[in-house]
Amino acid sequence: MDIKVSLAHTRKIGAITSEQQSVKTPRESPSVPDHSAAWSATIAAIIFVVAHLALLVGVTTPEKFVFDEVHYVPAARQMLEPVMPQPVLNPMHPPLAKQLMALSIEAFGDNALGWRYPSALFGALAVVAIYLCGLALFSAQGPAIAAALLAFFNQMLFVQSRIAMLDIYALAFSLLGVAAFMHGYRRPRPHLLFALAGLFFGLSIACKWSGLFVLATCIAIVALIRLLRGWRAEFADGNVGDWYRPTLWPDFKAWHFAVCFLLLPAVFYLASFVPLYGWSIPDLLEAQRRIFADNTTTAIAGHTYMSSWPSWPLLLRPVWFLFDKVGDDRIAAIVFLGNPLVLWPALAALAVCLRDWIVMRRWDAFLILAFYSGAYLAWALLPRTLGFLYYYLPSATLASLALVYALRRGNNPRWLLWGFVAIACAGFAAMLPISAASVETSMATFIRLMLFQNWI
């Protein structure tokens, strides 16, 4: 980029060359969105109901603990005791997701439905959140719905929404926060939406500390914008599609930033500990120290299904949640893998976003890349060496936005996007025998679905 400084010390950042101007850009969002708040709320409600019902089908199979449910369900049961027993089970994670699980057990009983119902609930909320992100980015109902469908069909969200683990709770709250942030990004007064985002991020972190990654991404974006504004920087040929403009958030002060992205997340995060520890400051601090210690060490020297973060986008090592023989030639399997027909093309779509952010300075491409990278690359910074593919769940879900962006780019026909959604649906259907234990299959079919040796 060319950098020019005027006599008034205003930095002029870059100018699009004639070659850059000739590149076809994604179709611009209409100046007036094709959705009203009431219509969008109706569609969001429909998406929630359909996704929730789909996730509940066969959710009680098997009626025994699956994978890490052995850790989280007993911790949730403990929270139903009249007096909280000591020691607290599963102290290495914050309590909110387990508290919600406990409420479900109290409502539906100590059974498979009670353990897993809230996961299906929050899985549906995650799909709705992607729809809301799509509305913010594309200002059109069709692409937003397509993004929600691709998120559902990526297989990861489906599997994680049908097991009593913490990740889907953290994902749903994080994505709702991302949606609020995206809707506020280009508004002159984003204060309420940014405050709502901070609230959701606090709830996400209260489920699992990985929610910090998305909050940190928002903090980094806002800090960068404020830094450029402080330098009085602007693009030499700025336009409304730029990811940075000096007119962004003119009244968003430092104290607004502190309230939205520091105070509110901290308050809602710490509030989840009060039912366990009361208002004891030493106990609250000790709980944080324990979580930090357990999440920044290796904890376990090795695990059959462990994998490193560079391998996750390539789906090199899945996690087998369940593999049971239920008949002479019938098995019930749950393999957390990811739909290759969605997640492998998503890598090319992310490259398109990167190109358009650099060349065309697209704000939508910038936000997609920022949140995908923030949720993913943060794992590279942790000293903890133990990792699993399901840590990639937030980035994999956000990748559906990159796919919609790339498929709508330039003069691509509208049917291309929906054709890809149909292909993703077909891949999802083919993977159901290894995604849902209630869909039993033969060993021969299972082996055919395990395309590579390292998937076994």
### Query
Nearest 0.05, what FRET efficiency do residue 92 and residue 50 give at R0 = 35 Å with Cβ-Cβ as r?
0.50
### Query
What is the extension gain from residue 430 to residue 380, computed as 0.36 nm multiplied by their sequence separation minus the C-alpha to C-alpha distance, in nm to one decimal?
14.8 nm
### Summary
One would report the antiparallel percent of DSSP beta bridges in the chain, rounded to the nearest 5, as 80
### Query
Which FRET efficiency value, to the nearest 0.05, do you get for residue 444 and residue 320 by plugging their Cβ-Cβ distance into 1/(1 + (r/R0)^6) with R0 = 22 Å?
0.75
### Accessible area in square angstrom per residue, the stretch 329-456, 1.4 angstrom probe
37
### Summary
Looking only at aspartates and glutamates whose Cα falls under 14 Å of residue 98's and that sit 8 or more positions away or on another chain, we get 68, 69, 81, 106, 110, 167
#### Entry: the chain - percent of accessible surface contributed by carbon and sulfur, probe 1.4 Å
68
### Query
Three principal axis extents, largest first, for the C-alpha atoms of the stretch 282-441, in Å?
54, 53, 26
## Note on the structure
Calculated from DSSP helices alone, with each H run of at least 4 adding -39500 (n - 2.57) and the total divided by the residues of the chain, [θ]222 nm to the nearest 500 comes to -18500 deg cm²/dmol
### Summary
A chain fully extended from residue 80 to residue 259 at 0.36 nm per residue, minus the present Cα-Cα distance, gains in nm 61.1 nm
### Message
Can you give me the C-alpha center-to-center distance between the stretch 117-158 and the stretch 351-392, rounded to a whole angstrom?
### Response
18
### Message
Give me the Å³ per residue figure for the convex hull around the C-alpha atoms of the stretch 358-456.
### Response
153
### Task
Hey, could you grab the Kirkwood Rh for the chain? Inverse mean 1/r over distinct alpha carbon pairs, Å, one decimal.
23.1
## Note on the structure
Taking 285-294, 427-436, 360-369 and ranking on average Cβ neighbours within 10 Å, highest first, one gets 360-369, 427-436, 285-294
## Note on the structure
Expressed in µm² per second, the diffusion coefficient of the stretch 139-193 from the Stokes-Einstein equation, with Rh the Kirkwood radius over alpha carbon pairs, at 10 °C and 1.306 mPa s, is 122
## Note on the structure
Sorting 306, 351, 319 by the position of each Cα along the dipole of the stretch 299-375 (Lys, Arg +1; Asp, Glu -1; all at Cβ), the one nearest the positive end of that ordering is 351
### Dipole magnitude of the stretch 153-295 about its Cα centre (Cβ charges: Lys, Arg +1; Asp, Glu -1), debye to nearest 20
260
### Message
Give me, ordered by chain and number, the residues 5 or more places off residue 233 or on other chains with an amide H under 5 Å from its own placed amide H.
### Response
11
### Task
Any chance you could list the semi-axes, whole Å, largest first, of the equivalent ellipsoid that the Cα gyration tensor gives for the stretch 121-248, using √(5λ)?
29, 18, 11
### Task
Considering the options 282, 225, 147, tell which one lies farthest towards the positive end of the dipole of the chain, charges being +1 on Lys and Arg and -1 on Asp and Glu at the Cβ, about the Cα centre.
225
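The values are calculated or read from the model by the stated rules, or taken from the named source; none is laboratory data. In this text, all values refer to a predicted model and were calculated from it rather than measured experimentally. When we count neighbours, we look across all protein chains shown, and the Cβ atoms used for this are built from the backbone with ideal geometry, even at glycine. With ligands, DNA and RNA removed, areas are computed over all heavy atoms of the protein, side chains included. Shrake-Rupley method; radii C 1.70, N 1.55, O 1.52, S 1.80 Å.
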